[in-house]
Amino acid sequence: MTTLTIDNIEFDCVHVPTAKTNILLIKAAGGFLACGYFDVTVSDRVGDAAAIVTGVKTIEQMLTSPVVRLSARAREAGVKEGMSGREALLMLQNFNG
């Protein structure tokens, strides 16, 4: 696990390389930003706020990539498809729904 700092806020990051891809996740206080490996169906079932970006290989790419899928709880936090991963992550940081 590594730490990423955005606007003086620290986020925990997980990067798991596999034989065929990279599994990436950044944890915010109120949810998480993840790569396309994750399915929001499970996030919806358990009530997590999740935003998904795709086509990324690094944590840094996640920040500039657009959100393509999100859970219902992430929508409640104000996250929208098309916003950058960075914007979504900061919204999820402030979400306590």
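The values are calculated or read from the model by the stated rules, or taken from the named source; none is laboratory data. Just so it is clear, the model here is predicted, and its values are computed rather than measured. For neighbour counting, all protein chains shown are included, and Cβ atoms are generated from backbone atoms with ideal geometry for every residue, glycine included. Heads up: the accessible areas ignore ligands, DNA and RNA and are worked out on the full protein's heavy atoms, side chains in. Shrake-Rupley method; radii C 1.70, N 1.55, O 1.52, S 1.80 Å.
Name the residues in segment 17-31 that are in contact with a helix residue (DSSP H, G or I) (Cβ under 7 Å, 6 or more places away or on another chain), part of a strand (DSSP E or B) and either under 21 Å from Asn94 (Cβ atoms) or of a type in the set (Lys, Arg) (or both), would you?
Answer for segment 17-31, where residues must be in contact with a helix residue (DSSP H, G or I) (Cβ under 7 Å, 6 or more places away or on another chain), part of a strand (DSSP E or B) and either under 21 Å from Asn94 (Cβ atoms) or of a type in the set (Lys, Arg) (or both): Ile26, Ala28, Gly31.
From the list Asp48, Asp44, pick out the single residue that is assigned to a loop (DSSP other than H, G, I, E, B), modelled with pLDDT of 95 or more, of a type outside the set (A, V, I, L, M, F, W, C) and in contact with a helix residue (DSSP H, G or I) (Cβ under 8 Å, 6 or more places away or on another chain).
After ruling out the rest, the residue left standing is Asp48.
Table: residues versus (1) within 12 Å of the chain's Cα centre (by Cα); (2) over 20 Å from Thr3 (Cβ atoms).
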position	(1), (2)
Ile26	yes, no
Asp44	no, yes
Ile52	yes, yes
Val56	yes, no
Arg69	yes, yes
Met83	yes, yes
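Where residues in segment 58-97 are in a loop (DSSP other than H, G, I, E, B), of a type in the set (S, T, N, Q) and under 18 Å from Ile9 (Cα atoms), which of them is least open to solvent (accessible area, probe 1.4 Å)?
Among those that are in a loop (DSSP other than H, G, I, E, B), of a type in the set (S, T, N, Q) and under 18 Å from Ile9 (Cα atoms), it is Asn94.
Quick one: in segment 9-24, which of the residues that are more than 15 Å from Glu87 (Cα to Cα) and over 12 Å from the mean Cα position of the chain (by Cα) is least open to solvent (accessible area, probe 1.4 Å)?
That would be Asn22.
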